[in-house]
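Down below is the structure, laid out as structure tokens.
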Amino acid sequence: MCGIAGFLDADPQRDAWRVEALTDRLRQRGPDGSSADVRGGVALVQTRLAVIDLSEHVRYPMANEAGNVWLLFNGEVYGHRELRRELEALGHRFATECDAEVVVHGWEEWGLEVFARLDAMFALALLDERSGELVLARDRCGIKPLVRTTGARLAFASDTLALINAGLSDGQFDLDALSEFLAFHYVPPPLTGLHDVIQVEPGTAVIRSADGSLRTTTWGAPVFETPAPRQPVGIEALEEALRRSVGVQLRADVPVGVLLSGGIDSALLLSMAAEHGAAPTAYTLSFEGHGDYEELELAKVAARAAGAEHRTARFDVGFADALAQVAHAYDTPFADSSAIATLQLARFVRREVTVALSGTGGDELFAGYSRHRAHRIGQLLRMVPKPVAAAIARADQGRGGEHHNKVTRARSYAVRLAAARQDDPVRQYLRLVGSTTSPAGIAAAPELRADGALARVERRFAATLARGGSTTRQLLGFDLATYLPGDLLVKEDRATMAVGLEGRVPMLGNDMLGVAARTPDVQKHSLRRGKLALRELAKRRLPAEHTRARKRGFAVPLLHMLETSWAAEARDVVGDIESTLVDRHAVLGLLDRRPVPAADVWALAALIAWERAVTEARKAAAARLLSIG
């Protein structure tokens with residue numbers, strides 16, 4: 001696991017400060033060492049978190065035997081042992097035991113086809129001096145980040161702020177991207193929040209040819225591209241796929257743990273890990289005193305059943321610290337408030353292990369959310385008169401997206417369904433995943449409006465939504481193109497890498513992607529429940545408490561804290577921050593409401609904090625330039 005960066009037209013002397021600036025920002029992603037080289041005018045920069053082959057023989061950029069193919073690599077190739085044997089049989093000779101080296105030799109042997117052969121999470125850059133090509137590529141699901149500039153001088157990095165820090169981006173805001181942030185509380189791919197930086201999209205490669213031209217190719221077909229199959233998938237096949245995925249992702253030369261919530265996904269991972277004889281320690285964040293947010297008892301049950309050692313940290317962080325930590329770790333605007341808890345858990349886990357498995361991805365592959373089945377009751381929705389829907393929507397305003405008891409949760413879901421009464425299930429779905437950030441908070445930049453952002457995202461992903469045939473598969477494909485790489489995987493990657501912890505997601509391994517694609521809709525959800533296939537597997541492997549428990553999201557008690565322990569501190573922090581994007585006085589007004597629109601307040605505060613981080617990166621770049629005359 002590492003941080004990578006680079007840029008074209010590099011001069012070793014003139015651009016040494018840029019290399020240093022990139023390295024400084026990326027060091028948190030790779031605390032075990034850094035290296036850089038300039039080859040043919042291309043600067044190649046890497047910081048390393050050592051996980052497989054901890055020896056000094058592993059150096060980046062990593063070369064083939066002839067020294068004419070060079071690799072920067074962030075991620076892990078889980079099936080590297082099997083690929084190594086195949087490549088050795090073809091005559092390739094390896095210099096290290098590092099998993100990344102199979103990519104160098106695989107590129108020599110198969111070219112772009114190597115990416116489809118990797119059971120891996122990765123973001124990489126390959127410089128092929130034989131052809132003069134520079135290749136940027138990202139894993140199929142977008143687990144690892146990779147961004148690039150869109151101007152005349154191509155630059156790339158694991159982190160957008162690194163590009164500003166090195167003067168490779170001017171750090172100017174993209175108002176369309178920020179409007180989409182207000183609509184979703186994250187920036188949907190391929191945007192980043194900056195006008196001159198975009199993401200390399202999941203499952204694609206961007207190739208810069210020797211003549212300077214750029215082309216993008218999709219190397220990995222979307223998971224739900226084909227029509228829904230009718231033949232049921234045996235639970236034994238699902239179990240075996242998860243067993244294999246967990247097995248290869250337990251491979252490491254450092255200690256491995258499991259992030260354990262009260263849900264079935266992480267409990268299944270722990271059960272499988274125990275079956276492999278790995279005996280990893282399980283780690284849980286306790287929300288003691290916060291009622292329905294607390295999942296510790298279910299986590300204890302899972303840990304006991306797996307015979308695993310179990311460590312617990314208590315959720316305890318102030319508003320100022322939470323905002324500062326998010327601003328430091330997240331390089332794009334990001335307001336999923338569960339990032340606060342993820343950061344605290346990652347910091348706790350890193351004291352003992354270097355790698356942690358999580359259950360992220362199960363809901364997106366197997367239709368675990370209520371919104372995935374909302375289209376099935378479309379006829380009922382259209383029977384709700386518009387005036388009635390509007391009235392109950394007004395009655396529910398201000399709850400800030402926080403509904404952690406049965407009554408408010410059911411009411412909120414009914415209201416959102418009634419408001420999303422369009423005939424088109426895609427637009428209905430977008431309404432359900434969209435946010436309601438208050439326009440009052442963005443008066444300082446009136447051109448920022450969430451209005452139109454949903455339609456813009458729908459147009460951008462029209463091709464994705466057209467694939468798969470069934471509505472369920474279209475919506476799952478949309479989640480895999482937007483919510484998973486834009487929110488959940490960003491949340492986990494940035495939180496873990498901020499403390500030098502490698503997060504792995506076995507639910508998104510190649511075996512699991514394959515079985516999810518073969519699972520028909522009727523095995524994914526009914527009107528009442530989602531994730532049916534995984535629930536059936538859980539019945540076979542987990543204690544009864546897990547299969548009976550309702551689904552919960554990993555969330556923080558934001559509303560309660562903003563009305564109690566965070567109230568005074570939030571006012572002090574927001575009141576002291578200058579912003580060109582957000583009217584802080586309006587945010588202070590939101591804090592005076594009861595109930596506080598908690599999700600809106602946090603989103604606007606996070607936007608202010610990100611704006612400040614961008615401004616500081618701009619100043620740092622200007623200062624470095626000034627210092628060299």
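Within the group Ala228, Ala237, which residue is hydrophobic (A, V, I, L, M, F, W, C), at pLDDT below 95 and not in a strand (DSSP E or B)? Steps first, answer last, please.
On the way: Ala237 fails: at pLDDT below 95.
None of the other options fit; the residue is Ala228.
Do the conditions hold for Ala137, that is, is it in a strand (DSSP E or B) and either at pLDDT below 95 or surrounded by 20 or more Cβ atoms within 10 Å (Cβ to Cβ) (or both)? Don't jump to the end; show me each part of the working.
Numbers: in a strand (DSSP E or B): yes; either at pLDDT below 95 or surrounded by 20 or more Cβ atoms within 10 Å (Cβ to Cβ) (or both): yes.
So Ala137 passes the test.
Would you mind listing the helices (runs of 4 or more DSSP H) fully within the range 502-578 where at least 2 residues are modelled with pLDDT of 95 or more? Steps first, answer last, please.
Values: elements: 510-518, 532-541, 544-548, 558-563, 567-576.
It comes to 510-518, 532-541, 558-563, 567-576.
Every residue, every condition in (1) open to solvent by 30 Å² or more (accessible area, probe 1.4 Å); (2) more than 24 Å from Leu532 (Cα to Cα), yes or no:
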| residue | (1), (2) |
| --- | --- |
| Thr216 | yes, yes |
| Ala221 | yes, yes |
| Phe224 | no, no |
| Pro229 | yes, no |
| Pro232 | yes, no |
| Ala241 | no, no |
| Gly247 | no, no |
| Val254 | no, yes |
| Gly257 | no, yes |
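Which numbered condition trips up His290, out of (1) in contact (Cβ under 8 Å) with a residue 60 or more places away in the chain; (2) out of contact with any helix residue (DSSP H, G or I) (no Cβ under 9 Å at 6 or more places or on another chain)?
(2)
Conditions first: (1) in contact with a Phe, Trp or Tyr (Cβ under 8 Å, 6 or more places away or on another chain); (2) touching a residue at least 60 places away in the same chain (Cβ under 8 Å); (3) hydrophobic (A, V, I, L, M, F, W, C). Ala162 passes all but one, so which condition is the exception?
(1)
Looking at the range 74-123 only, could you name the residues that are over 17 Å from Asp53 (Cβ atoms), under 21 Å from the mean Cα position of the chain (by Cα) and not in a loop (DSSP other than H, G, I, E, B)?
Scanning the range 74-123 gives Phe115, Ala116, Met121, Ala123.
Would you point out the residue of the range 1-19, among those that are charged (D, E, K, R) and at negative phi, that is least open to solvent (accessible area, probe 1.4 Å)? So that I can check it myself, show each step before the final result.
Quick first cut of the range 1-19, residues charged (D, E, K, R) only: 9, 11, 14-15, 18.
Okay, now just the ones that are also at negative phi, so 11, 14-15, 18.
Values: Asp11: 48, Arg14: 142, Asp15: 6, Arg18: 35 Å².
The qualifying residue least open to solvent (accessible area, probe 1.4 Å) is Asp15.
Scan (1) open to solvent by 10 Å² or more (accessible area, probe 1.4 Å); (2) within 30 Å of Gly362 (Cβ to Cβ) for the single condition Ala606 breaks and write down its number.
(1)
Let's see how each residue does on (1) open to solvent by less than 30 Å² (accessible area, probe 1.4 Å); (2) farther than 23 Å from Pro485 by Cα; (3) touching a strand residue (DSSP E or B) at 6+ places or on another chain (Cβ under 9 Å):
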{"residue": "Val515", "(1), (2), (3)": "yes, no, no"}
{"residue": "Ser526", "(1), (2), (3)": "no, yes, no"}
{"residue": "Gly530", "(1), (2), (3)": "yes, no, no"}
{"residue": "Ala538", "(1), (2), (3)": "yes, yes, no"}
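Within the range 45-61, identify whether any single residue is in contact with a His (Cβ under 9 Å, 6 or more places away or on another chain) and open to solvent by 30 Å² or more (accessible area, probe 1.4 Å), and answer yes or no.
Step one: of the range 45-61, the residues in contact with a His (Cβ under 9 Å, 6 or more places away or on another chain) are 52.
After this cut, where a residue has to be open to solvent by 30 Å² or more (accessible area, probe 1.4 Å) as well, the list is none.
No, because not a single residue in the range 45-61 is in contact with a His (Cβ under 9 Å, 6 or more places away or on another chain) and open to solvent by 30 Å² or more (accessible area, probe 1.4 Å).
Consider the range 571-629. How many of its residues are within 27 Å of Ala555 (Cα to Cα) and among the charged types (D, E, K, R)?
Matching residues across the range 571-629 total 10.
Tell me, which residue of the range 322-375 that is part of a strand (DSSP E or B) and of a type outside the set (Phe, Trp, Tyr) is farthest from the chain's Cα centre (by Cα)?
Pass one, the range 322-375, residues part of a strand (DSSP E or B): 334, 355-357.
After this cut, where a residue has to be of a type outside the set (Phe, Trp, Tyr) as well, the list is 355-357.
Numbers: Val355: 17, Ala356: 15, Leu357: 14 Å.
Only one residue fits best here, namely Val355.
State the number of residues belonging to the range 141-184 that are acidic (Asp, Glu) and open to solvent by less than 20 Å² (accessible area, probe 1.4 Å). Spell out how you get there, then give the answer.
Filtering the range 141-184 down to residues acidic (Asp, Glu) leaves 159, 170, 174, 176, 180.
Subset that is open to solvent by less than 20 Å² (accessible area, probe 1.4 Å): 159, 180.
So the answer is 2.
Collect the residues in the range 475-526 that are under 30 Å from Gly3 (Cα atoms), of a type in the set (Gly, Ala, Ser) and out of contact with any His (no Cβ under 8 Å at 6 or more places or on another chain), keeping them in residue-number order.
Of the residues in the range 475-526, the ones under 30 Å from Gly3 (Cα atoms) are 476-514.
From what's left, of a type in the set (Gly, Ala, Ser): 477, 481, 486, 495, 498, 500, 503, 509, 514.
Residues satisfying the conditions are Gly477, Ala481, Gly486, Ala495, Gly500, Gly503, Gly509, Gly514.
The values are calculated or read from the model by the stated rules, or taken from the named source; none is laboratory data. Owing to the predicted nature of the structure, the values given are computational and were not obtained by experimental measurement. Here the Cβ is made from the backbone with ideal geometry for all residues, glycine too, and neighbour counts use every protein chain on show. When the accessible area is computed, the model is the full protein with side chains, heavy atoms only, and any ligands, DNA or RNA have been set aside. Shrake-Rupley method; radii C 1.70, N 1.55, O 1.52, S 1.80 Å.
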